[in-house]
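Take a look at the structure set out below.
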Amino acid sequence: TYWPEMQTLPMQQFVDVSDGGRGLALLNNGLSEYELRDDERSTLYLTLFRAVGNMITTWWEAVSVFPEQKGSQLLREMECEYSVYPHDGDWETGHVYREAALLNVPLAPYQVTRHDKGRLPEKAGFLSVRPDHLILSSFKMAEDRETCILRVFNPTSQMIEGELEAGGQIKEAWLVNLNEERATELPMIDDCKVLIEAAPGKIVTLELFFA
């Protein structure tokens with residue numbers, strides 16, 4: 001059974017269409033609805049806003065319409081942000097997640113001190129997660145200890161063996177659950193790199209104890 005009104009679907013940061021050899025992604029910042037038509041051109045739609053009049057439905061054959069009431073018509077200026085991103089392959093080989101993150105979380109420089117007594121080099125990294133398909137979703141202080149919690153997830157269909165590299169020395173790294181309870185101590189590559197394994201579709205949470 002085909003229900004045309006049910007063809008709009010939710011998304012988060014992007015939607016992607018691909019035939020395996022080439023693809024097209026719509027990346028968005030704050031937009032959450034798309035539609036892919038089953039027509040000869042496979043038309044992909046992006047909803048910028050949706051507005052309706054005031055209707056009260058008591059049951060499926062009884063709908064009361066009030067044309068004098070504007071309802072959620074959004075009668076104001078609106079600004080939307082999105083990107084059209086053509087790429088090779090599917091969303092994984094096209095690194096669509098990385099491009100969506102660049103749109104949603106752009107680089108933001110801040111000056112946090114007024115003096116010039118710092119000792120950091122001109123070029124340095126504080127934290128990096130590799131490869132690109134291992135997505136960083138959270139980095140915070142632990143709830144009840146003086147350690148840091150880092151959370152990543154694997155959105156792909158393949159096992160990912162990745163690594164975390166920190167700008168400072170890591171004394172210990174633990175695999176923890178979402179309640180931040182320790183399970184397994186993780187192997188270190190050196191004093192600033194930790195090995196990470198993430199199964200397909202899984203969330204991995206680490207606890208880091210910096211020296």
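The values are calculated or read from the model by the stated rules, or taken from the named source; none is laboratory data. On a predicted model such as this, the values are computed, not experimentally measured, just so you know. The protein model used for the area step is the full one, side chains on, heavy atoms only, and it has no ligands, DNA or RNA in it. Shrake-Rupley method; radii C 1.70, N 1.55, O 1.52, S 1.80 Å.
Nonpolar atom fraction for the chain, defined as the carbon and sulfur part of the 1.4 Å probe accessible area, stands at 52 percent. Over the chain, DSSP H runs of length four or greater, each weighted -39,500 (n - 2.57), average out per residue to a 222 nm ellipticity of -1000 deg cm²/dmol.
Computed over segment 140-206, relative contact order equals 43 percent, with contacts defined as Cα pairs under 8 Å that lie 6+ residues apart. Rolling a 1.4 Å probe over the protein heavy atoms gives segment 99-211 an accessible area of 70 Å² per residue.
Evaluating kT/(6 pi eta Rh) at 4 °C and 1.567 mPa s, with the Kirkwood radius of the chain over Cα pairs in the Stokes-Einstein relation, gives 61 µm² s⁻¹. For the chain, relative contact order (Cα pairs under 8 Å, six or more residues apart, normalised by length) works out to 16 percent.
Applied to segment 153-166, the Karplus parametrisation 6.51 cos²θ - 1.76 cosθ + 1.60 on θ = phi - 60° returns per-residue 3J(HN,Hα) values of 9, 10, x, 8, 9, 10, 5, 10, 9, x, 8, 10, 10, 10 Hz, with x for Gly and Pro.
Expressed as a whole percent, the proportion of Cα-Cα pairs in segment 7-58 lying more than 18 Å apart is 42%.
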